[in-house]
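J.: Sharing a structure here in structure tokens format.
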Amino acid sequence: MLGTALGCSRIVLMTPGVPAGTNDELSLVPGTVFPNLHDDEMIAADRVFEGINRIMTKVSEPTTAAELISNRMIHLMAARHEGLNKKFREFEQQSILAAAFAGLRDFRA
């Protein structure tokens with residue numbers, strides 16, 4: 001799991017995460033992300049986190065200007081974050097991180 005600061009792509013959280021396609025990340029958030037937030041901070045995340053306090057997700061069927069703007073902002077944040085994820089995966093495959101995280105991958109499998 002990779003967490004980035006909104007607006008600047010600075011990495012603020014990195015945990016081993018879970019295999020892609022599982023919903024186990026729902027169980028990781030309370031113990032990994034929330035303790036690192038200040039009282040006035042929120043996170044933006046995929047719709048799988050919809051309805052959880054302090055997590056912004058896209059509105060499924062936006063009807064107001066505010067909802068449309070919110071969805072657009074979350075879309076832009078997600079695009080920036082996914083770009084960083086891609087760079088991180090490329091770096092991981094070509095570096096010592098591959099060796100460092102190899103044991104974690106084996107553990108999760």
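J.: Would you kindly state how much longer the chain becomes between T15 and A66 on full extension, computed as 0.36 nm times their sequence separation minus their alpha carbon distance, in nm to one decimal?
T.: Working: separation 51, 0.36 × 51 = 18.36 nm, distance 3.29 nm.
Contour length minus the Cα-Cα distance gives 15.1 nm.
J.: If amide H atoms are built 1.01 Å from N in the plane of the peptide, which residues on other chains or at least 5 residues away come under 5 Å of the amide H of T4?
T.: The answer is V12.
Coordinate-derived values only; no laboratory data. This structure is a prediction, so every number in the text was calculated from the model and none was measured.
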